[in-house]
Each structure stands twice: as structure tokens, then as C-alpha cells.
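Undergrad: This is the structure I have questions about; it appears just below.
The values are calculated or read from the model by the stated rules, or taken from the named source; none is laboratory data. Given the structure is predicted, the values throughout are model-derived calculations rather than measurements. Backbone-built Cβ (ideal geometry, glycine too); neighbour counts: all protein chains shown. Side chains are part of the model used for accessible areas, which takes the heavy atoms of the whole protein and leaves out ligands, DNA and RNA. Shrake-Rupley method; radii C 1.70, N 1.55, O 1.52, S 1.80 Å.
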Amino acid sequence: MTNTFKTLAAAAVVAVAGSAAFAGPNYIIPGNQAGSKTVANVELVRADAPATLEVYSVHGGERVALLGSTDVKAGANTDVKVSLSSAPRSNIEFVLVGANGAAVANTNVNNIQ
């Protein structure tokens, strides 16, 4: 019984440590963008301080236009919706911008349908 408890406790410590190392302080996990015309979906945004999530259209690897933005709180923000000023044509980029105006995380979503 004691060995089982120790094994479970060790497994829990490894799982928590592994997910914390993968996550980092700031990150964006985009959601399904199929049919996105007026709203961009983000499953999870993790910010170490209050920030702004911006959505850009991307062409040829360059940001072309800001399509929309929304504020996020410090910590985990789930099921974030960003209203878009126009429908994305192909690729979009999510950029998490800190209070100082610097990008603290970003991720691209290719082949918007």
C-alpha cells in the first residue's frame, strides 16, 4: 500500500513538472478556425500579466493587417473569441502583446477555410 502511494505521488510530480516545462509563461493554443469570417477562436491563452490578444492577416510570412483584438487577464483564459473587422483570406497570426507593447507570444494558423 505504501509503495503504491509513493508511485502515484511520484507520477503526479512528474506530470505537473512536465506540463509546466512545456507550457512556459505565455502561450497561445488556437482553436478551430473553420468557417471563421467574423470571429477568431482561441482555445487557451496563458498570460503572466494582463495583455492584449491581436489577430493579424498574414501573407508571404508578413503581417498584412490587424483584423481584431481583445484583452485577456493574467493567468489562463479559455475559449477566447476575437471579433474580426474582415474575414481572413488565408493565414492568420495570433500575437499576445504585453502592457509595454512588446509581443510576448505568437502563433500562426495556416489554411483558413
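Undergrad: How large is the charge dipole for the stretch 35-82, taken about the Cα centre, if only the Cβ atoms of Lys, Arg (+1) and Asp, Glu (-1) carry charge, to the nearest 20 debye?
TA: 100 debye
Undergrad: Give me the accessible area per residue for the stretch 23-73, probe 1.4 Å, as a whole number in Å². Mind dumping the intermediate values first?
TA: Values: 2670 Å² over 51 residues.
Accessible surface, normalised per residue, equals 52 Å².
Undergrad: Let me ask something additional. With a 1.4 Å probe and every protein chain kept in, tell me what percent of the accessible surface of the stretch 36-113 is carbon plus sulfur.
TA: Solvent-exposed carbon and sulfur of the stretch 36-113 make up 45 percent of the total.
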